[in-house]
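What follows is calculated from the coordinates using simple rules that are stated; it is not laboratory data. This structure is a prediction, so every number in the text was calculated from the model and none was measured. Every residue, glycine among them, receives a Cβ derived from its backbone with ideal geometry; neighbour counts consider all protein chains shown.
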Amino acid sequence: MAAIEMKHIVKKYGDGFPAVNDVSIDVADGEFMILVGPSGCGKSTLLRMIVGLEDITSGDMIIGGERVNDLAPRDRNLSMVFQNYALYPHLTVYENIAFPLRLAKMKDSEVDEKVRAASKTLDLDEHLQRKPANLSGGQRQRVAMGRAIVRDARAFLFDEPLSNLDAKLRGQMRTEIARLQKQLGITTVYVTHDQTEAMTLGDRVAVMKRGILQQLATPRELYEQPVNLFVAGFIGSPPMNFLPATVEGNEITLPFGTFPLPPAKAERTAGKGLLMAGIRPEHFEDVSVLHSDEVDTARTFKAHIDVREWLGDQQYAYVPYEAEAKVQDQLRELARESDSDSLRTQLVVSLDAASTVQEDSDT
Ligand code: ATP
């Protein structure tokens, strides 16, 4: 196992905008690091530079204290699990897992010991004589991981390993990977565009956009203290609401009315005038489930619910609103900055499962 230090890594293809632009990330020994961001943000390129499948334009890649920029992939002793698992269809599960050991000309008895130990960890012992075509997606995934485990590699690198699986299996495999990673304690770098995967798997998450590292933090920090609009909008599902707002004194005016601001927030926003308020769907309180004496009318608004989604343990209400002409430009700028595909002029509110509010009604 080893720590991975990326220092001011740059990757340029031709003369264009760098695919990876001065990225520095330290992955601690045994840490589970996620690289996440929208398509084209440079996360796969960065992973490929760690493995050695891509040259580094400038910067230093240090693995286990050793600069590996000029080291061939096979000399880096890393294990990569690809999206399509790269299994050999004509080989059994046993031989697929044994493959790197055969290449290394290991003795049969040692191979057998390692393959059996790995297949036990991965719950594959009953399938060792099957071919990949006769396995489920999840089992194939585990074979690919088995091949990575037997090599005693210094780190695991995953490139979107779950994107070919259906939603249920993806959830199961996510838990499986998290469990295995903790059990093996192996340094892991995992690329995904899926923020749920990032938030549930990573010890820390590096959020990238257009080749630039936006924020490197624990999932909780990303959620509670995003450093910019892009991270705020990217992390969280449904995404954070961005609402045009004006602050005057200790009051904030949103499209739904004017509300008192807590003193700390009023202090931070003093003199800013027009701004964007970021409010997560669950930070609205559903007053339909409160007793009347618990309702603070100064902080309450009524709105028309367009669509309501019921998820069993909670509900989401979608509330459209009109943006005044003077904030349209700001919203457009915001949509560009947060990489959202459309102008969001609807509010998403998380309601209590027991909420009595009705779709297509005012509440
Ligand atoms: P995705 O999730 O779609 O795989 P990504 O975030 O992993 O995206 P990369 O594949 O790292 O992004 O690509 C980053 C940028 O570099 C993109 O603009 C891409 O077009 C460009 N790029 C990647 N590989 C090459 C290449 N071999 N030649 C030229 N440009 C490339």
Cα Rg, Dmax (largest Cα-Cα span) when computed across segment 225-297, Å: 13.8, 39
Student exercise, the chain dipole from Lys, Arg, Asp, Glu Cβ charges, in Debye to nearest 20: 1600
Selected from A245, V319, A303, residue furthest toward positive end of dipole (segment 238-352; charges at beta carbon): A245
Ranked Y94, Y321, criterion: other C-beta atoms within 10 Å, fewest first: Y321, Y94
Ordering of 211-218, 44-51, 24-31 by burial proxy (mean other Cβ atoms within 10 Å per residue, highest first): 44-51, 211-218, 24-31
Dipole of segment 1-106, positive end: most advanced residue of V27, H90, A3 [Cβ charges, Cα centre]: H90
Overall Cα dimensions of segment 4-233 - principal axes, largest extent first, Å: 51, 40, 30
Helix-only mean residue ellipticity at 222 nm for the chain, each DSSP H run of n ≥ 4 adding -39500 (n - 2.57), per residue, nearest 500: -8500 deg cm²/dmol
Exceeding the 23 Å Cα-Cα cut-off - candidates K114/K168; K105/K182; K11/K209; K12/K209: K114/K168; K105/K182
Per-peptide average of other Cβ atoms within 10 Å, ordering 13-19, 291-297, 305-311 highest first: 305-311, 13-19, 291-297
Per-residue ³J(HN,Hα) for segment 213-228, Karplus 6.51 cos²θ - 1.76 cosθ + 1.60, θ = phi - 60°, Hz, x for Gly and Pro: 6, 8, 7, 10, 7, 6, x, 5, 4, 4, 6, 8, 9, x, 7, 8
